[in-house]
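The values are calculated or read from the model by the stated rules, or taken from the named source; none is laboratory data. Predicted, not measured: the structure shown is a model, and the values here were computed from it. Don't worry about glycine lacking a Cβ; one is built from the backbone with ideal geometry, like all the others, and counts go over all protein chains shown. What goes into the accessible areas is simple: the full protein's heavy atoms, side chains included, and nothing from ligands, DNA or RNA. Shrake-Rupley method; radii C 1.70, N 1.55, O 1.52, S 1.80 Å.
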Amino acid sequence: MSKKIKIKVKKRKVNFKKILLFILAIYIIFFLVYEIINLKIKNIYIIGNNILSDYEIMKIANIDDYPPFIKTFDGKIKKKLLANDYIENVKIERKFFNKLYITIEENNIIAILKSNNKIINDEGHCLDNIYEITDVPVLISNLDEDIFNKFYVAFDKVNKDVSLKISEIEYKPTNLDNLRFLLYMNDGNYVYITLDKIEKLNKYNEIYAELDGKKGILNLDSGNSFEIKE
């Protein structure tokens, strides 16, 4: 009979120390990743707004509680802000140390409707004057839809510094020109303008400087004649 050969099996010892170090390393990596992902926005800078306050913009964008920087998506912020009738364009920039810069371009406010105190923006929307805006002209006439649509498109081309000088706007059509308006200026002058020549109005400051303080009626609808008031 052949002898049986005994094979000794060497038992490997479990290195608990290495296992614990590995688990600890995984935990630390997971913890760091979690902290980075959930690190909140540190600073929010709102630029370019005049009508809406910084807090209102943050509230509309749903970032007033300074949510996590990485989890806050620019597209969602922009979509929410652009849904507001006072906001025309939005630019978002991210900078180091979790800083968020939001540049706002507000809709131009064309005029206030005297009939109901609503404001007209540059998209032709009539909005409740919840911000009590007063530094825009007052449209004292009721316009039909066709004239209204041409009115707000045309007056959106008027420079802000000139618009601030207009007190009231009255619709004054003639048989030959149904786009004619009369502007009552804060300086005491009157200006006739037709919508298809609205860009002439942007030269009002230059024209006014040449009047030497005289008051009267400026006809920009047909030529540039000036009638002095007696």
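So here's what we get for this one:
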item	result
Cα pair distances in the stretch 31-148, grouped into 5 Å bins until the bin that holds the longest one, percent each	2, 10, 19, 18, 14, 11, 9, 7, 4, 3, 2, 1, 0, 0
Placed amide H near Lys40: partners under 5 Å, 5+ positions off or other chain	Phe69
In the stretch 61-94, the trypsin sites (Lys or Arg not before Pro) that fall in loop regions by DSSP, at most 15 other Cβ within 10 Å	Lys71
For the stretch 139-222, Kirkwood radius (reciprocal of mean inverse C-alpha pair distance, Å)	13.0
Top of Ile37, Ile198, Ile46 by mean-square fluctuation, Gaussian network on the chain, Cα under 10 Å	Ile37
Mean shadow area of the chain over all directions, Cα convex hull, nm²	25.3
Heavy-atom surface of the chain, accessible at 1.4 Å and reported per residue (Å²)	68
Portion, in percent, of the accessible area of the chain that falls on carbon or sulfur, probe 1.4 Å	56
Fraction of antiparallel bridges per DSSP, the stretch 95-230 only, in percent to nearest 5	75
